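Data block below; observations after.
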Amino acid sequence: MIVTRFAPSPNGPLHLGHAYSAMVAHDLAKQAGGRFLLRIEDIDGPRSRPELADAFRRDLAWLGLEWEEVPAQSTRLAGYSAAAQDLLARGYLYRCTCTRAEIEAQGAKMGSQGLVYPGTCKTRPADPDRPAALRLDVARALADVGALTWEDAPAGPQVADPREAGDVVIVRKDAPASYHLAATLDDAADGVTLVTRGMDLFAATPIHRLLQALLGLPVPRWHHHGLLVDDSGHKLAKRRGSPSLADRREAGEDGLLLAEQLRLHSFPAGISLASA
Ligand code: GLU
């Protein structure tokens with residue numbers, strides 16, 4: 001049975017790109033007689049606005065999508081901590097007190113997941129008086145689990161090399177998990193078999209594949225879809241003037257028609273689908 005999910009973070013309203021993503025995940029599941037899940041990814045501290053989750057549900061219903069909602073991330077913190085403690089005890093995580101400014105000053109390059117951490121705290125004792133994140137010792141983890149592959153439905157077989165992203169944060173200074181840990185654990189707990197999301201997260205998948213190997217989690221398949229972009233090639237975002245789904249809904253636009261147009265790749269003027 002195919003199980004897909006839409007996993008929005010309630011730190012801003014949904015826009016057309018999210019509608020496309022939800023529709024793709026919904027249709028991949030429903031066309032195969034499978035299940036489509038909604039998971040609210042609300043562990044972004046003060047950036048998470050609970051009232052937005054309600055608007056998200058209204059948006060999906062307006063688009064004519066049917067979903068099963070699984071528990072929001074904020075209710076799963078104990079599980080994230082337990083997994084992180086396990087990884088820490090097995091020597092795969094290290095404490096890191098560096099601030100973003102310090103990491104920049106260390107000459108870090110930009111990678112697909114933000115700054116590529118140069119590993120400074122890996123070889124020095126972390127100051128116990130400063131707040132610390134826990135980072136994944138990617139070299140150590142890979143040495144233990146060996147080569148990893150993963151399967152993307154549109155893009156085909158992939159070799160997972162998480163080194164490009166560097167030693168990513170697994171436990172944030174301000175939250176018991178990073179996106180990588182929380183989403184990987186949740187997809188396993190929710191029985192997701194086809195992780196459906198935008199191409200912007202393609203490069204995060206090797207990290208998730210490595211976490212699955214370390215934590216003994218089942219390995220799903222992935223479907224990374226193209227992103228909706230504006231005529232300057234930028235991902236749609238409210239701050240660049242893309243109206244939210246709530247705006248469209250409240251203005252009386254027909255959500256069923258919009259979903260059907262997205263299915264047909266018939267996008268509003270100035271919006272197109274970027275394949276990579
Ligand atoms: N919560 C993430 C976002 O809103 C999506 C994560 C995922 O689909 O893996 O961008």
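The values are calculated or read from the model by the stated rules, or taken from the named source; none is laboratory data. For clarity, every value in this text was computed on a predicted model and none was experimentally measured. Note that we place each Cβ from the backbone using ideal geometry, even for glycine, and neighbour counts take in every protein chain shown. Please note that ligands, DNA and RNA were not included when accessible areas were found on the heavy atoms of the full protein model with its side chains. Shrake-Rupley method; radii C 1.70, N 1.55, O 1.52, S 1.80 Å.
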Can you give the three extents of the C-alpha atoms in the chain along their principal axes, from longest to shortest, in whole Å? 58, 39, 34
How much net charge surrounds residue 36 when only other residues with a Cβ under 10 Å from its Cβ are counted (Lys, Arg +1; Asp, Glu -1)? 0
Could you look at the chain and say what percent of its accessible area is carbon and sulfur, using a 1.4 Å probe and all protein chains? 55
Modelled label reach - residue 1, point 7 Å along Cα→Cβ, the stretch 36-73 residues with backbone N closer than 19 Å: 36-39, 66-71
Please name which of 26, 81, 67 has its Cα lying farthest along the dipole of the stretch 1-139 towards the positive end, using unit charges on Cβ (Lys, Arg +1; Asp, Glu -1) and the Cα centre as origin. 81
Please calculate how many Å² of accessible area the stretch 130-276 carries per residue, with a 1.4 Å probe and no DNA, RNA or ligand atoms counted. 44
Pulled fully out, how much extra length does the chain show between residue 100 and residue 274, if you take 0.36 nm times their separation in residues and subtract their Cα-Cα distance? 59.6 nm
Cβ-isolated cysteines (cut-off 4.7 Å), the chain: 98
Grab the Cα-Cα distance for residue 163 and residue 144, subtract it from 0.36 nm times how many residues apart they are, and report the gain in nm with one decimal. 5.4 nm
Heavy-atom accessible area per residue of the stretch 1-95, all protein chains kept, 1.4 Å probe, expressed in Å², is 41
The rounded separation in angstrom of the Cα centers of the stretch 142-196 and the stretch 36-105 is 14
So how far apart, in nm, are the two label points at residue 86 and residue 11 if each is 7 Å from Cα heading toward Cβ? 2.6
Expressed in nanometres to one decimal, the distance between label points 7 Å along Cα→Cβ at residue 261 and residue 247 is 1.4
If I take R0 = 25 Å and measure r between the Cβ atoms of residue 77 and residue 153 in this structure, what FRET efficiency does the formula 1/(1 + (r/R0)^6) give, to the nearest 0.05? 0.20
Does a label point 7 Å from the Cα of residue 123, set along Cα-to-beta-carbon, have any residues of the stretch 134-156 with amide nitrogen under 19 Å, and which are they? 135-143
